[in-house]
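Contents: one structure, followed by commentary.
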Amino acid sequence: MMTAAASIQAQTVDKKSLNLDGAKKAIAAAVEYAKKNNAPGGVIAIVDEGGNLMALERLDGTFAMGATISIGKARTAVLFKKSTRFFEELINKGRTAMTAVDGFIPLIGGIPIMIDGQVVGGVGVSGAASANQDEELALAGANALVGGQAKIDTTAPTSYEKPGSPISATTGSAIIDGKKVAAAFAKGMPLLETASYKVHASRRVDPGQAEIHTLDTDVIYVVDGSATLVTGGKAIDTKTIAPNEIRGSKIEGGEEHQITKGDAIIIPNGVPHQFTSVTGELHYFVCKPTAVAATGQLSQR
């Protein structure tokens, strides 16, 4: 019997849990921070280690959807054991495939609560003055329980090039070998993506969806082929597929352009655009300067 008991003990671990008193303490700390720092609103959600809602408080004047978003932020922080800033920055730098994860809210304002290396719960906040203030409220709530030990994950890479990135560590400049460029055009893929700009070797053989980039300006140079491009007007049936990236089924009321080899096109951020027809294969460089300074204002919170 003693041997059996020892065997059972070896297969189990002691697990810490967040109780209701702790959840209320975290909310009280976040609310206090909001009042001291003149937050115009905010919904504070506390979840347990499994992402289940324990407590929720909505400050006066906060938009209704804030409750759903704050819970999603807290759940994401808990289930991935990282602050949600990590994921918003990751997606903004090109890792948009992350948005396909079910129940995933990659928006700044979610903080995991860690005690002795274990995740015991999470705090999510939505509806304060900015994404950064959402995060500040969430940190205040988490730190009320862990004595100031809660931190923000800032380890998201600045570029999504694989090892051997062409960016010089000393000058920041980049030279990409012609063979790599040709290979990128054959598939249609990014050449380089950073927090400030992106450079894509794009390939298109079919029409596409209506697109709106709320931060990125598209500077396009057509290398080969021709297409019909519609700009302006209104995108129909829109949905957000990633932070600052909107797609729609078509554009109504836009301006139609016939573009061909040698043409340059500049589409400012926020302007709807859509390739409605393509002749053969269209190869085009796209340089995307990003309005980084506006991120906090334009990202969904």
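Can you tell me the FRET efficiency between E256 and T99 if r is taken as the Cβ-Cβ distance and R0 is 41 Å, rounded to the nearest 0.05?
For R0 = 41 Å, the calculated efficiency reads 0.85.
Run through the range 219-270 and list the GluC sites (Glu not before Pro) located in a DSSP loop whose Cβ has at most 12 other Cβ atoms within 10 Å.
The qualifying sites: there are none.
Ranked highest first by average number of other Cβ atoms within 10 Å, how do 55-63, 223-231 line up?
223-231, 55-63
Give me the percent of accessible area attributable to carbon and sulfur for the range 163-276, probe 1.4 angstrom.
Summing carbon and sulfur atoms, their accessible area is 54 percent of the total for the range 163-276.
Which aspartates and glutamates have a Cα less than 12 Å from the Cα of K73, not counting those fewer than 8 places away in the same chain?
Straight-line reach from K73, under 12 Å: E88, D134, E135.
Which lysines, if any, have their Cα less than 28 Å from the Cα of K187, not counting same-chain residues under 8 positions apart?
K93, K162, K179, K198, K239, K250, K261, K288
Write out the trypsin sites (Lys or Arg not before Pro) in the range 198-279 meeting two conditions: DSSP loop, and at most 15 other Cβ atoms within 10 Å of their Cβ.
Answer by residue number: K261.
Does a label point 7 Å from the Cα of L20, set along Cα-to-beta-carbon, have any residues of the range 116-144 with amide nitrogen under 11 Å, and which are they?
Zone members listed by number: none at all.
The values are calculated or read from the model by the stated rules, or taken from the named source; none is laboratory data. Because the structure is a prediction, the values reported are computed rather than measured. Virtual Cβ from ideal backbone geometry, glycine too; neighbours counted across all protein chains shown. Just so you know, the surface numbers come from the protein's heavy atoms only, side chains and all, with ligands and any DNA or RNA stripped out. Shrake-Rupley method; radii C 1.70, N 1.55, O 1.52, S 1.80 Å.
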